1. Shape of the range 1-41 from its Cα gyration tensor (a ≥ b ≥ c, root eigenvalues): rounded if a/c is under 1.5, otherwise prolate when a/b > b/c, or oblate?
2. Could you work out how much longer the chain between Cys27 and Glu14 gets when fully extended? Use 0.36 nm per residue separation minus the Cα distance between them, nm to one decimal.
3. Using a Förster distance of 30 Å, how high is the FRET efficiency between Glu2 and Glu34, based on the Cβ-Cβ distance and rounded to 0.05?
4. Pop out the ³J(HN,Hα) list for the range 49-54 in order, Karplus 6.51 cos²θ - 1.76 cosθ + 1.60 with θ = phi - 60°, rounded to Hz; leave Gly and Pro as x.
Amino acid sequence: EEALNCPCISKMKEGSCGDAFIDAYRCFLESETEPKGMDCMEKFQSMQQCMTEHPEEYNLKDDDDDLQQNATPKPTETQQEPQALTSKAQPEAS
């Protein structure tokens, strides 16, 4: 129960999938199987399905957009290659 009170997971417990998260997390914490949590797969799949249905509540939709917007393109050798090719001497014809 103490682990469920951790502030680090408070956002996960809120919203439409909070109950599914608590069920899956509690199952994992109490699991005695090896590897740990293998008996909780259905609960985690239910939680994942719920989160997929509510991406706006769990920042699932925005992550890819943020990565795209924050990416700064850097010049690469391939971008400079066409200029380098035009300055190279052409092979002589025999």
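Rule-based calculations on the coordinates, nothing more; no lab input. The shown structure was predicted, so the numbers you read here are calculated from the model rather than taken from an experiment. Cβ: placed from backbone, ideal geometry, glycine included. Neighbour counts: every protein chain shown.
1. oblate
2. That works out to 2.9 nm of additional length.
3. Calculated value: 0.80.
4. Ordered by residue, 3J(HN,Hα) equals 4, 4, 5, 5, 6, 10 Hz.
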